[in-house]
Amino acid sequence: MKKLVSALLVLVLIACNASAVSAQQIYGETLRSPVGMDISGFSTLDFDQNPVDGSIFQNAALTVINFWETGCGPCISEMPIFQQAHEHYCSTPEADVQVYTVLYVGQGSTVSEGISLLQNYTFGKLIIDGVLSEALDATEVMPGMLAFPETILVDSNGIVRYHHFASYQSYSELQSEIQQWLTQVPPVTPVDPPVSADGDANADGLTDVTDALLCLRAAMGLVTLTAEQIAHCDMDGNGSAAVTDALAILRIAMGLA
């Protein structure tokens, strides 16, 4: 069974330990880190029981993930900082940052209590799963001992790029770390959904005789279509607008297909 402690308590233990040379060592053991781990395979639920998985990382250049548990005072105290970050980056989507918290469940930390504690916050609220638990386990301050809170910054590929031990004391501290890492990760380039071969050559939302005629004119070399128009016309999937495509579109327009 893992022991849960406040990261603040760990820092106090370090300060009281004469042999400790920095906050990165405790009883001679270097603090572990999940940096470099791939957590894109996680699949869990949010507090509303909606499924959420690693595809969320593709929505932003950088994702802030805060691990917490309900019995951790410092965890609760820093939630307004994450809410401020969430509101800031929602109002400036070009900054390409999203914010989530992940609730550790066990040893008295329950989903129902988590929902109650965070009911006034609007950032993403997830329940820990196996993959996210592995990332949290990688922060153990000593074998079998987890300290809360812990925060990681994850890039758009789901790779952990940074690990922050203990709570944030201010919003500026969190924002400073985010801005530092934003300069080191590439921005997410939106990918347009593939165009379906629906016969709508003129992109007016309808598939009718005019689309069939346009495709036929293109097949005869009388007009030149854009790549998007060809994709709409390419009913047989051979990469071009041909007479057979025009006939297929005409059948759709006549209600025969």
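D for the stretch 111-257, whole µm²/s, Stokes-Einstein with Kirkwood Rh over alpha-carbon pairs at 25 °C and 0.890 mPa s: what number?
In µm²/s, the coefficient is 119.
Calculate, in whole percent, how much of the Cα-Cα pair population of the stretch 209-253 lies beyond 16 Å.
Above the 16 Å cut-off, the stretch 209-253 has 19 percent of its Cα pairs.
Neighbouring Cβ atoms within 10 Å as the yardstick, rank Thr70, Thr44 fewest first.
Thr44, Thr70
Please report, to one decimal in angstroms, the Kirkwood hydrodynamic radius of the stretch 67-140 built from all distinct Cα-Cα pairs.
Mean inverse Cα-Cα distance, inverted, gives 13.1 Å.
For the stretch 110-119, what does the Karplus curve 6.51 cos²θ - 1.76 cosθ + 1.60, with θ = phi - 60°, yield as ³J(HN,Hα) per residue in whole Hz, taken in order and with x for Gly and Pro?
Computed from phi, the couplings for the stretch 110-119 are 10, 5, 4, 6, x, 4, 5, 5, 10, 5 Hz.
Kindly state, to the nearest 0.05, the FRET efficiency for Ser55 paired with Leu247, given R0 = 51 Å and r defined as their beta-carbon distance.
E(calc), rounded to 0.05, equals 0.85.
Every number in this text was worked out from the coordinates using simple rules, so none of it is lab data. As the structure is a prediction and not an experimental result, all values here were calculated from the model. As a convention, Cβ positions derive from the backbone with ideal geometry for all residues, glycine included, and neighbour counts pool all protein chains shown.
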